[in-house]
Each structure stands twice: as structure tokens, then as C-alpha cells.
Amino acid sequence: MCTTISTAFDSLKEKLVTLNQFYMPSRYPDAAAGMAPDGIPTKDLSRKALDYAREVYDFCSEKIRQAVQQKPPEPQQRYYEPPDRSGNHSDDRGNDR
């Protein structure tokens, strides 16, 4: 999905596969504990996943920052004008309604 916005997201695929091993059991409690091929993730794999998570976060944060900087200016806001409650019921030309 993100790759339709920028092909730069392709560089994250391998990292996201690793991170998915940690996500699945938290999202689906009946999933096998630790979706790593060897069962429970090792300390080394856990550290690697934490590094990957930081890289993905930094990458996405930068993409969002770039998108915000490129955002065109918003149109001027139109303010609501409450109805005239003074008892003056004339239109713009001064005619009574």
C-alpha cells in the first residue's frame, strides 16, 4: 500500500517481515508465541527487531515531515455569520422582507 505512494518504502520490506514476528502474538493472542521460525525470538533477534523498528519509525517520520512541507496552503476559512437578531429584517438593499 505504501509503495503506491513511494517506491522508497520497498527498502523496508525485509525489516517489516522481521517485525511482524513480534507483532502477530500481541495482535492475535492465540497465535504461536513468537512467530520466529525457531519459536521464541532470541535476544539477538529482539535487539535486531528493535533497531528495525527505530529505522522504520525514523523513515516514516521523515516521509510525513516531507509531505507536510509540500502540502499546498489551505484555502482561507470562511467564517460563519450569525443571523441578525436586532429586529432589523431588511435584505442587503434595505428592503423589508
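The values are calculated or read from the model by the stated rules, or taken from the named source; none is laboratory data. Every value quoted in this text rests on a predicted model; they were computed, and no experiment measured them. Using ideal geometry, Cβ is built from the backbone for each residue, glycine included, and neighbour counts are taken over all protein chains shown.
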Evaluation of Arg47 against (1) within 22 Å of Thr3 (Cα to Cα); (2) modelled with pLDDT of 75 or more (one fails), failing number: (1)
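Can you tell me which of Gly34, Gly87 is modelled with pLDDT under 70 and either loosely packed, with under 12 Cβ neighbours inside 10 Å or in a helix (DSSP H, G or I) (or both)? Break it down stepwise before answering.
Details: Gly34 fails: either loosely packed, with under 12 Cβ neighbours inside 10 Å or in a helix (DSSP H, G or I) (or both).
That would be Gly87, the only listed residue that is modelled with pLDDT under 70 and either loosely packed, with under 12 Cβ neighbours inside 10 Å or in a helix (DSSP H, G or I) (or both).
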Where a residue in segment 6-21 is part of a helix (DSSP H, G or I) and its partner, wherever it lies, is modelled with pLDDT under 85, with Cβ under 6 Å and at least six apart: Phe9/Cys2; Phe9/Thr3; Asp10/Thr3; Gln21/Met35; Gln21/Ala36
